[in-house]
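Notes to accompany the following structure.
The values are calculated or read from the model by the stated rules, or taken from the named source; none is laboratory data. Owing to the predicted nature of the structure, the values given are computational and were not obtained by experimental measurement. Here the Cβ positions follow ideal geometry from the backbone for every residue, glycine too, while neighbour counts run over all protein chains shown.
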Amino acid sequence: MHLLRKCAAGSLAAALLIVMASCGSGSSSESGSSASAKAASATSLSDFGSMDDLVKAAEEEGSLNVIALPHDWADYGEIISAFKKKYPKITVNEQNANASSKEEIQAAQTNKGTSSAPDVFDLGLAVAATSTDYFAPYKVKAWDSIPSSVKDSKGRYYADYTGIMSIGWNKDKYGTISSLDDLLDSKFAGTVALNGKPAEAGAAFNGYLMANQLSGGTVDDLKPGLAFFKKLKAAGNLTQVDVTDGTIESGQTGVVFDWTYNQTSYQKELKEKGVDWEFKTFKKAQVVSYYNQAINKDAPHPAAARLWEEFLYSAQAQNLWLKGGANPVLLSAMKKDGTVDKDILADSTVLEGDAVTYTNDDATRITSWLEKNWDSTIGD
């Protein structure tokens, strides 16, 4: 489990976290050439001329700096490997894999003007929406297929993938879980984990919203969720141990509220150890929250940054996000044009019907409410 990436998940502002030291400064960037200046001002593929021209410009730069991309998070490891294989002349420098969204921006501030600055960002919505001064507008080739509701109209940031909030559990030990109320059974004593405090951790925030929805609440009515967790605590089943791979493997957290892409990772790892890890989403409580892509306006490798974005919004990378348990933003378009991998899709958990979403203003309001009510009701 990647704690900081977990805490930055979804629209919950990563600013709730303590900003920690980012990557160190490197040598001065040599991005002053006319070619780099042209790449840095490019707002679409047409500014390069063609994809071949973009590839050539990126290969001349020779490097790409990415940040906050754990390999077991939504299959980013395979995505990075695929990019390297497709563009072997470009060295991918991976920085601070466990950084929060806020720390990504901090790294851009700290390393501005150096070759160590991140070229691209992968950000929760709250940080993306409030950090646009750091972004270079760029509309990928697939721009028109990205729903307008999940992209900045100027092309400064745009959704890439989302998980669906779910419940995961050790099926060998606990059998079947069909509903939220099943978790009140005494067999789950001390093992149900919300993965952090809802006012502090993104996964916990969204897990709370799922439980609230299943308890009859809405984004505007948060009390039913709190009543459920109060009952869960009274039953002796709620644990506030922070979820890690180790706590899952040991059984200390045998039931976990988390994103489908993290559940997929747990499932894969535990299968190798002979454990059947199951997870379930609920059609009437499909809480989603997209991560977003953005390009650093001071990227030391501006052409490579744009090539990376074009790659991420290709069918190849979108299918790998799907394989990693996420719902890629182009999934609907890919179903229509036939580019979705049908074998991967058949084994994937995808949105069915309406999703439960919320705005930045909602997130701020909900966080404030949870800060006032969670500890006083549930405690530490």
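For region 135-152, filtering for residues that are free of Cβ contacts under 8 Å to residues at least 60 places away in the same chain and either of a type in the set (D, E, K, R) or not in a helix (DSSP H, G or I) (or both) leaves 3. Listed by first and then second residue, the pairs linking a residue in region 73-98 that is of a type in the set (Ser, Thr, Tyr) to a residue that is not in a helix (DSSP H, G or I), with Cβ atoms under 7 Å apart and 6 or more places separating them unless they lie on different chains, are Tyr76/Leu69; Tyr76/Pro70; Thr91/Gly62; Thr91/Ser63.
Just give me the residues in region 340-350 being modelled with pLDDT of 95 or more and closer than 22 Å to Ser149 by Cβ, in sequence order. Val340, the sole residue that qualifies.
Of the residues in region 188-205, not one is surrounded by fewer than 24 Cβ atoms within 10 Å (Cβ to Cβ), in contact with a Pro (Cβ under 6 Å, 6 or more places away or on another chain) and closer than 20 Å to Lys284 by Cα.
Total residues in region 205-219 satisfying the condition of being modelled with pLDDT under 95 and farther than 14 Å from Trp369 by Cβ: the figure is 1. Among the small types (Gly, Ala, Ser), assigned by TED's automatic domain parsing to the domain that holds Arg306, farther than 26 Å from Lys284 by Cα and not in a strand (DSSP E or B): is that true of Ala126 in this structure? So Ala126 fails the test.
So, Trp321, is that one within 15 Å of Ile146 (Cβ to Cβ), of a type in the set (Phe, Trp, Tyr) and either outside the structural domain of Gln263 (by TED's automatic domain parsing) or over 20 Å from the mean Cα position of the chain (by Cα) (or both) or not?
On the way: within 15 Å of Ile146 (Cβ to Cβ): yes; of a type in the set (Phe, Trp, Tyr): yes; either outside the structural domain of Gln263 (by TED's automatic domain parsing) or over 20 Å from the mean Cα position of the chain (by Cα) (or both): yes.
Here the answer is yes, as Trp321 does meet what is asked.
If you go through region 184-213 and keep only what is farther than 16 Å from Leu238 by Cα and among the acidic types (Asp, Glu), you end up with just Glu200.
If you take the residues in region 160-187 that are surrounded by fewer than 23 Cβ atoms within 10 Å (Cβ to Cβ) and hydrophobic (A, V, I, L, M, F, W, C), which one is farthest from Asn296 (Cα to Cα)? Quick ask: steps written out before the conclusion?
Applying the first criterion (surrounded by fewer than 23 Cβ atoms within 10 Å (Cβ to Cβ)) to region 160-187 yields 170-182, 184-187.
Cutting the leftovers down to hydrophobic (A, V, I, L, M, F, W, C) gives us 177, 180, 184.
Details: Ile177: 44, Leu180: 42, Leu184: 47 Å.
Filtering region 160-187 for residues that are surrounded by fewer than 23 Cβ atoms within 10 Å (Cβ to Cβ) and hydrophobic (A, V, I, L, M, F, W, C), the one farthest from Asn296 (Cα to Cα) comes out as Leu184.
Scanning region 343-357 for residues that are among the β-branched types (Val, Ile, Thr) and either assigned to a loop (DSSP other than H, G, I, E, B) or on the phi > 0 side of the Ramachandran plot (or both), we see that the one that is surrounded by the fewest Cβ atoms within 10 Å (Cβ to Cβ) is Val350.
Please determine whether any residue of region 163-173 is within 29 Å of Val340 (Cβ to Cβ) and among the basic types (Lys, Arg). Yes, region 163-173 contains at least one residue that is within 29 Å of Val340 (Cβ to Cβ) and among the basic types (Lys, Arg). Among helices (runs of 4 or more DSSP H) entirely within region 220-328, having at least 1 residues that are farther than 21 Å from Ser179 by Cα and at pLDDT below 95 singles out 245-250, 260-271.
Scanning region 216-238 for residues that are of a type outside the set (A, V, I, L, M) and buried (at least 19 other Cβ atoms within 10 Å of the Cβ) returns Gly217, Gly225, Phe228, Phe229, Asn237.
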